[in-house]
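Below is one structure, written out as structure tokens; the observations come after it.
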Amino acid sequence: MRQTKIKAMTLCALFAALTAVLSQIAIPLAPVPVNLATFAVFLAGGLLGGKLGALSQAVYVLLGAFGLPVFAGMTGGFSRIVGPTGGYIAGYVAAAYLTGLLVERLPRGFWSGVFAMICGLAACYALGTLWFLYLTGSDLVSALGVCVVPFLPGDAIKIAAASLIAHRLKKSVTQLI
């Protein structure tokens, strides 16, 4: 039992670290950078399930909130979480949870993973866009045009790749937990 908890904690730490690393692979666009962080979020939910996937992303968010440079552009600090992109960062937790929850409940397969990750991404977009609207006072159409639409093609590629990888590795990771 104890060994299982240690393995789960290790996997959560690894996925928090993976998110931090992939956050640095970015194309800086204002106000929201394009990066590979959501790829790690999808993998966390797809491989660890809802609870552990969300926990891994909560660790990532907390590390950044305490000032470690884990967010895009090697930034960190509470100001990033309460800034314009903060809702998307917090949305990683919800996205990993929802993705993982659906992966756990749906029949195992590539397309089930794609569906789960699309739902997780929608949760992340909803939280991020609502926070962006609140902070900037923008209208919804403008916010979607800046914060969502430009990212859809890249997110589709990340979802396809993450679903394929999660589908292939799920059995191996499940044996570890």
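Worth a mention:
- Computed accessible area, Ile27, all protein chains, 1.4 angstrom probe, square angstrom: 100
- According to the Kirkwood relation over distinct C-alpha pairs, the hydrodynamic radius of the stretch 95-142 is 11.7 Å.
- Portion, in percent, of the accessible area of the stretch 93-177 that falls on carbon or sulfur, probe 1.4 Å: 73
- Ordered by 1.4 Å accessible area with all protein chains kept, Trp111, Trp131 run largest first as Trp111, Trp131.
- Among (i) 11.2; (ii) 16.2; (iii) 9.4, the entry that matches mean projected area of the Cα convex hull in nm² as calculated here: (iii)
- More than 12 angstrom apart: percent of Cα pairs within the stretch 32-85: 66
- For the stretch 46-177, averaging the sequence separation of C-alpha pairs within contact (under 8 Å, six or more residues apart) and dividing by the residue count gives a relative contact order of 29 percent.
- Pairs of Lys in the chain closer than 16 Å at Cα, counting only those 8 or more apart or on different chains: 5
- Over all other residues within a Cβ to Cβ distance under 15 Å of Gly45, the charged ones net out to +3, with Lys and Arg as +1 and Asp and Glu as -1.
- Scanning residues 5 or more positions from Gly67 or on other chains, those with amide H under 5 Å from its amide H are Gly77, Phe78, with H placed 1.01 Å from N in the peptide plane.
- Highest-first arrangement of 93-100, 56-63, where packing means the average Cβ count within 10 Å: 93-100, 56-63
- Each residue of the stretch 131-137 was assigned a 3J(HN,Hα) from its phi angle through the Karplus curve 6.51 cos²θ - 1.76 cosθ + 1.60 (θ = phi - 60°); the sequence is 5, 4, 4, 4, 6, 9, x Hz, with glycine and proline shown as x.
- What the Cα convex hull of the stretch 117-177 gives, in volume per residue, is 85 Å³.
The values are calculated or read from the model by the stated rules, or taken from the named source; none is laboratory data. Bear in mind that the values here come from a model prediction, so they are computed numbers and not experimental data. Backbone-built Cβ (ideal geometry, glycine too); neighbour counts: all protein chains shown. Calculation scope for accessible area: heavy atoms of the full protein, side chains included, ligands and nucleic acids excluded. Shrake-Rupley method; radii C 1.70, N 1.55, O 1.52, S 1.80 Å.
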